[in-house]
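Engineer: Once you've had a glance at the structure underneath, I'll fire off some questions.
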Amino acid sequence: MKEVVVAGGSSFIGLHLIQKLAEQGHHVTVFVRCKSDKISRIQDISTNITCIELDLENYDTMGQHLKLCDCYIPLTWEGTKRTDRNNEWMNQNSCHIIFQSIKSMVEEAQCKKIILAGSFSEYGSILGPLTEDLECIPDSEYGKYKLELYQMAKSYCTEHLVSLIEVRLFSVYGCGDGDDKLLNQVIQKLLLGEAVSLTGCEQTWEFIHVRDVVEALILLIKLNTFEGCLNLTTEYHRTLQFYLEATKRIIGQKGTLLYGALDYPNHIVPHIVSDTSKIRNLLNWEPKVCFEDGVKEMIDYYRNSTGRVIEGIEIKTERLKTQSGRM
């Protein structure tokens, strides 16, 4: 079993990851901010989880709190919200903090593997299939500093004989994510019978469920023969409108999707077409959660969560008739 360290374990992906790691018998050390209200929730998950309180400005001392680390996964990042994607200071600061934590983990806790949570935003507005060997031209501060972190960490880890993997994530969804995310907002407003103002939503898009992300991350923790970056998504390419219409059909309510009510940022339709053959071949991995099942779980979550109970709603469970393509 592995000694795994996760920074940002109270995040959306973090909570799902540490729970699955603990279930599989790994010991997980989770770094959380001092006096976080999520500490007790994390500690209640499993006796295989240890919480350490450490504020971001002290991440350069992270390794001093540990005796051993097989794998370090930093999930902390300030600048992930849409409103913060072009906040240069916030994203630059996150890049600096995470890099300093990597150095501390390697030099003070003898960590031999780092797995970074990257983003498709690192590629920028590139048309055509996004493959890992493309030259990245990020067009947001978020993508710029995610890429800079990977490049700095790659140089450092190569020098110190540490394995480095960056997983470039594409639109992760599932229960427990922030209410600011588009899919979460659409579900909540449709459940209430409200109108949702949207762009034309003509862009090619794809979603990946958080459980599929966690499964791939755990396989990468166990892997001993790869270094580099990997795209992680479903490769199920449909228009964003296709996904939102599917969500509306499952809910079956009177809410309205107002396509074209908003302009695209910079008047650019941001198509996303990924190539995931590298991670599929490397791990013999395939995504398992189909979109409609994941959305139904989210609908149930919003209906039943405290403060989000919406009465008198019948949720249709008819499966979508998917067309050819991976799901």
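The values are calculated or read from the model by the stated rules, or taken from the named source; none is laboratory data. It should be emphasised that the depicted structure is a prediction, and the values quoted were computed from it without experimental measurement. Counting neighbours? That spans all protein chains shown, and the Cβs are built from the backbone with ideal geometry, glycine included.
Engineer: Say whether the condition of being surrounded by fewer than 18 Cβ atoms within 10 Å (Cβ to Cβ), farther than 22 Å from VAL269 by Cβ and among the polar types (S, T, N, Q) is met by at least one residue in the range 131-141.
Structural biologist: no
Engineer: Which residue, of ILE73, ILE102, ILE45, ILE97, is closer than 26 Å to ARG211 by Cα, assigned to a helix (DSSP H, G or I) and either among the β-branched types (Val, Ile, Thr) or touching a strand residue (DSSP E or B) at 6+ places or on another chain (Cβ under 7 Å) (or both)? Show your work before the answer.
Structural biologist: Working: ILE73 fails: assigned to a helix (DSSP H, G or I); ILE45 fails: assigned to a helix (DSSP H, G or I); ILE97 fails: closer than 26 Å to ARG211 by Cα.
Just one listed residue meets the conditions, ILE102.
Engineer: Could you check how many residues of the range 84-125 are under 10 Å from TYR142 (Cα atoms) and touching a Cys at 6+ places or on another chain (Cβ under 6 Å)?
Structural biologist: 1
Engineer: Report, ordered by the first and then the second residue, all pairs with beta carbons closer than 6 Å, sequence separation of six or more or different chains, a first member in the range 27-42 that is over 14 Å from LEU17 (Cα atoms), and a second member that is acidic (Asp, Glu) and part of a loop (DSSP other than H, G, I, E, B).
Structural biologist: Here the result reads ARG33/ASP55; CYS34/ASP55, each pair linking the range 27-42 to a residue that is acidic (Asp, Glu) and part of a loop (DSSP other than H, G, I, E, B).
Engineer: Give the residue that is surrounded by the fewest Cβ atoms within 10 Å (Cβ to Cβ), with candidates limited to residues of the range 170-188 that are in contact with a helix residue (DSSP H, G or I) (Cβ under 6 Å, 6 or more places away or on another chain) and not in a helix (DSSP H, G or I).
Structural biologist: Of everything passing the filter in the range 170-188, GLY176 is surrounded by the fewest Cβ atoms within 10 Å (Cβ to Cβ).
Engineer: Does CYS201 meet the test of being touching a Lys or Arg at 6+ places or on another chain (Cβ under 9 Å) and either crowded, with 21+ Cβ neighbours inside 10 Å or touching a residue at least 24 places away in the same chain (Cβ under 8 Å) (or both)? Talk me through it step by step, then tell me what you get.
Structural biologist: On the way: touching a Lys or Arg at 6+ places or on another chain (Cβ under 9 Å): no; either crowded, with 21+ Cβ neighbours inside 10 Å or touching a residue at least 24 places away in the same chain (Cβ under 8 Å) (or both): yes.
When the stated conditions are applied, CYS201 does not pass them.
Engineer: Next question. Within the range 137-179, can you find the residues that are at pLDDT below 95 and either among the hydrophobic types (A, V, I, L, M, F, W, C) or more than 21 Å from TRP89 (Cα to Cα) (or both)?
Structural biologist: ILE137, PHE170, SER171, CYS175, GLY176, ASP177, GLY178, ASP179 - these are the residues of the range 137-179 that are at pLDDT below 95 and either among the hydrophobic types (A, V, I, L, M, F, W, C) or more than 21 Å from TRP89 (Cα to Cα) (or both).
Engineer: Turning to a different aspect of this structure: Of the residues that sit in the range 190-205 and are hydroxyl-bearing (Ser, Thr, Tyr) and outside any loop (DSSP other than H, G, I, E, B), which one is nearest to GLY252 (Cα to Cα)? Walk me through it before giving the result.
Structural biologist: Filtering the range 190-205 down to residues hydroxyl-bearing (Ser, Thr, Tyr) leaves 197, 199, 204.
This time we only want the ones that are outside any loop (DSSP other than H, G, I, E, B), so: 197, 204.
Values: SER197: 18, THR204: 24 Å.
Step by step, filter the range 190-205, then rank; the result is SER197.
Engineer: Return yes or no: is ILE42 in contact with a helix residue (DSSP H, G or I) (Cβ under 8 Å, 6 or more places away or on another chain), of a type in the set (Val, Ile, Thr) and farther than 27 Å from PHE120 by Cα? Walk me through how you get there before you give the answer.
Structural biologist: Details: in contact with a helix residue (DSSP H, G or I) (Cβ under 8 Å, 6 or more places away or on another chain): yes; of a type in the set (Val, Ile, Thr): yes; farther than 27 Å from PHE120 by Cα: yes.
The answer is yes for ILE42.
Engineer: Of the residues LEU217, LEU244, which single one is within 20 Å of ARG82 (Cβ to Cβ) and surrounded by 20 or more Cβ atoms within 10 Å (Cβ to Cβ)? Full working, then the answer.
Structural biologist: Values: LEU217 fails: within 20 Å of ARG82 (Cβ to Cβ).
Residue meeting the stated conditions: LEU244.
Engineer: Kindly indicate whether LEU161 is part of a loop (DSSP other than H, G, I, E, B) and either aliphatic (A, V, I, L, M) or touching a Pro at 6+ places or on another chain (Cβ under 6 Å) (or both). I'd like the intermediate steps shown before the answer.
Structural biologist: Values: part of a loop (DSSP other than H, G, I, E, B): yes; either aliphatic (A, V, I, L, M) or touching a Pro at 6+ places or on another chain (Cβ under 6 Å) (or both): yes.
So LEU161 passes the test.
Condition check ((1) in contact (Cβ under 8 Å) with a residue 60 or more places away in the chain; (2) of a type outside the set (A, V, I, L, M)) across all residues:
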{"position": "TYR259", "(1), (2)": "yes, yes"}
{"position": "ILE268", "(1), (2)": "yes, no"}
{"position": "VAL273", "(1), (2)": "yes, no"}
{"position": "THR276", "(1), (2)": "no, yes"}
{"position": "ASN281", "(1), (2)": "no, yes"}
{"position": "PRO287", "(1), (2)": "yes, yes"}
{"position": "LYS296", "(1), (2)": "no, yes"}
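Engineer: Could you tell me whether the range 19-33 includes any residue that is basic (Lys, Arg) and assigned to a loop (DSSP other than H, G, I, E, B)?
Structural biologist: Yes, there is a match, as at least one residue in the range 19-33 is basic (Lys, Arg) and assigned to a loop (DSSP other than H, G, I, E, B).
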